[in-house]
Amino acid sequence: MTIPSHTTVAVVGGGPAGLLLARLLHRAGVDCVVLESRDRGYVEQRQRAGILEQGTVDALRDCGAAGRLDREGLVHDGVELRWGRRGHRIDFPSLTGGRRVWVYAQTEVVKDLIALQLADGAPLLFEAEVSAVTGADTGRPVVHYTHEGVARTLDCAYVVGCDGFHGVVRKAIPEGALRTCERVYPYSWFGILADAPPACDELVYAHSPRGFALHSMRSPSVSRLYLQVPNGTDPAAWSDERIWDELEERFAVDGPWRLNRGPITQRAVLPLRSHVTEPMRWGRIFLAGDAAHIVPPTGAKGLNLAAADVVVLARAFTDWAATGTTAALDAYSDTCLRRVWRAEHFSWFMTTTMHTAPDQNPFDTKLQLAQLDRIATSPHAAAELAENYAGLPVA
Ligand code: FAD
Ligand code: DHB
């Protein structure tokens with residue numbers, strides 16, 4: 001492949017945000033190049049999110065990237081909230097006017113988008129690590145990167161930082177131009193993948209005196225499970241038996257319900273954080289996805305927010321390319337931040353309602369249980385949760 005030295009939109013990062021943006025831009029006839037620091041195998045295997053909202057699925061369908069998702073994705077019409085040894089199901093379609101979610105792993109979304117892009121899309125360079133962006137306050141920004149050991153530059157009209165929370169594009173913006181808000185939580189998630197059939201057909205979010213646990217899945221034969229653990233937990237220090245025993249305790253109900261145990265094939269500990277950078281634009285730089293905002297995973301919003309950002313941004317670039325007007329680009333940050341803050345609130349709410357803080361007292365626990373009881377007994381409270389979980393329409 002010839003390595004391009006100029007393009008219209010330079011996309012930094014080939015995670016879900018960068019790849020979906022590139023697909024949408026390519027379909028709209030807007031030139032772009034994606035620079036991804038890791039190799040293809042690494043990006044395709046990185047275990048992360050698993051739930052796609054209706055709006056994310058619609059976006060993937062609209063750009064021809066949902067063939068396998070429509071064949072293999074598991075449609076879910078509800079989740080179970082479990083506390084006090086009892087479960088309560090939240091039904092999405094009846095509470096949201098027909099919305100639902102799909103269980104389809106981020107790894108699979110990324111594989112599908114990469115395959116399409118390499119087949120007929122915009123240039124996508126792996127092992128292309130961006131070190132700096134210069135000239136973003138002029139008409140012609142330049143992206144500096146190293147590809148296979150060679151230092152290169154990419155001239156462009158706009159740069160989009162889709163390079164995640166630890167990326168470099170946000171750092172190219174002068175500190176005084178951005179505001180950040182952050183909350184770090186006093187617990188982490190211990191996530192495992194196991195070759196074991198899921199114990200039930202839907203996700204279970206469990207509040208228990210021993211802490212939070214989540215039952216999810218990747219396929220009819222693979223379970224994805226999470227345990228709340230203290231920050232700094234070493235995943236290697238837990239035996240498989242200890243993990244299964246702890247999961248059993250936290251999911252315990254009165255009546256028959258058993259987890260299916262099986263070989264644990266992956267394990268990792270993930271700290272929980274909320275973080276928003278505002279505005280999501282400076283000069284000719286735009287930020288999208290985790291580069292601009294992080295949510296704790298309890299609401300399953302991270303990947304979906306990333307997708308919603310780039311849908312808005314792709315429309316704005318398409319409008320600019322067609323008409324030369326920058327109104328939609330100028331509105332990008334405000335448009336996205338409304339949705340981002342809604343998702344930040346929901347993710348914080350789900351996290352603080354379901355987890356047990358290290359300094360939690362009985363009063364705090366009673367408040368959590370009162371809130372869960374409210375969700376179980378009021379269709380309005382249940383609908384509020386369902387609308388947020390299944391996802392609000394993309395602006
Ligand atoms: P990313 O997926 O982070 O992609 C950024 C890309 O940029 C990466 O491929 C990276 O290699 C590349 N990059 C970084 N720096 C450079 C550079 N200098 N030059 C070039 N490329 C660069 N969300 C949930 O909803 N549920 C979950 O269970 C869940 N689990 C998670 C587990 C982990 C460990 C993490 C980090 C996140 C998790 N999330 C989860 C959040 C969700 O996965 C993210 O919100 C989603 O990946 C955001 O996509 P993105 O494309 O914005 O960023
Ligand atoms: C999964 C991850 C989440 O953060 C969540 O809220 C639901 C499901 C998952 O990995 O399947």
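Residue 305: open to solvent by less than 10 Å² (accessible area, probe 1.4 Å) and under 18 Å from residue 56 (Cα atoms), yes or no? Here the answer is yes, as residue 305 does meet what is asked. Just one of the listed residues (267, 224, 284, 242) is within 16 Å of ligand 1 (Cβ to nearest atom) and open to solvent by 60 Å² or more (accessible area, probe 1.4 Å), and it is 267.
Which one is farthest from residue 10 (Cα to Cα) among residues in the range 168-205 that are among the basic types (Lys, Arg) and away from ligand 1 (no atom under 12 Å from the Cβ)?
Taking the range 168-205 first, the residues among the basic types (Lys, Arg) are 170-171, 179, 183.
Narrowing further to those that are away from ligand 1 (no atom under 12 Å from the Cβ): 179, 183.
Numbers: 179: 24, 183: 31 Å.
Checked the range 168-205; the qualifying residue farthest from residue 10 (Cα to Cα) is 183.
Pairs are defined by a Cβ separation below 8 Å, a sequence spacing of at least 6 or placement on different chains, a first member in the range 273-295 that is under 23 Å from residue 350 (Cβ atoms), and a second member that is polar (S, T, N, Q) and open to solvent by 30 Å² or more (accessible area, probe 1.4 Å); the pairs so defined are 275/180; 276/180; 277/180; 278/180.
Only residues that are open to solvent by less than 40 Å² (accessible area, probe 1.4 Å) and within 16 Å of ligand 2 (Cβ to nearest atom) were counted across the range 56-79, and they come to 7. Residues of the range 201-213 that are open to solvent by 10 Å² or more (accessible area, probe 1.4 Å) and either in contact with a strand residue (DSSP E or B) (Cβ under 7 Å, 6 or more places away or on another chain) or within 11 Å of ligand 2 (Cβ to nearest atom) (or both): 202, 207. On the phi > 0 side of the Ramachandran plot, more than 16 Å from ligand 1 (Cβ to nearest atom) and over 17 Å from the mean Cα position of the chain (by Cα) - does that describe any residue in the range 30-49? Checked the range 30-49: no residue is on the phi > 0 side of the Ramachandran plot, more than 16 Å from ligand 1 (Cβ to nearest atom) and over 17 Å from the mean Cα position of the chain (by Cα). For the range 45-58, what are the residues that are farther than 17 Å from residue 73 by Cβ and out of contact with any Gly (no Cβ under 9 Å at 6 or more places or on another chain)? Hit for the range 45-58 is 45, nothing else. Residues of the range 27-76 that are in a strand (DSSP E or B), among the aliphatic types (A, V, I, L, M), more than 30 Å from residue 143 (Cα to Cα) and touching a residue at least 40 places away in the same chain (Cβ under 8 Å): 51, 52, 74.
Take the conditions (1) in contact (Cβ under 8 Å) with a residue 12 or more places away in the chain; (2) surrounded by fewer than 23 Cβ atoms within 10 Å (Cβ to Cβ); residue 384 misses just one of them, which is (1). Restricting to the range 16-49, and then to whatever is small (Gly, Ala, Ser) and buried (at least 24 other Cβ atoms within 10 Å of the Cβ), can you tell me which residue is nearest to residue 347 (Cα to Cα)? The qualifying residue nearest to residue 347 (Cα to Cα) is 17.
The values are calculated or read from the model by the stated rules, or taken from the named source; none is laboratory data. These numbers come from a predicted model, not from an experiment. For neighbour counting, all protein chains shown are included, and Cβ atoms are generated from backbone atoms with ideal geometry for every residue, glycine included. Just the protein is used for accessible areas: all its heavy atoms, side chains included, with ligands, DNA and RNA removed. Shrake-Rupley method; radii C 1.70, N 1.55, O 1.52, S 1.80 Å.
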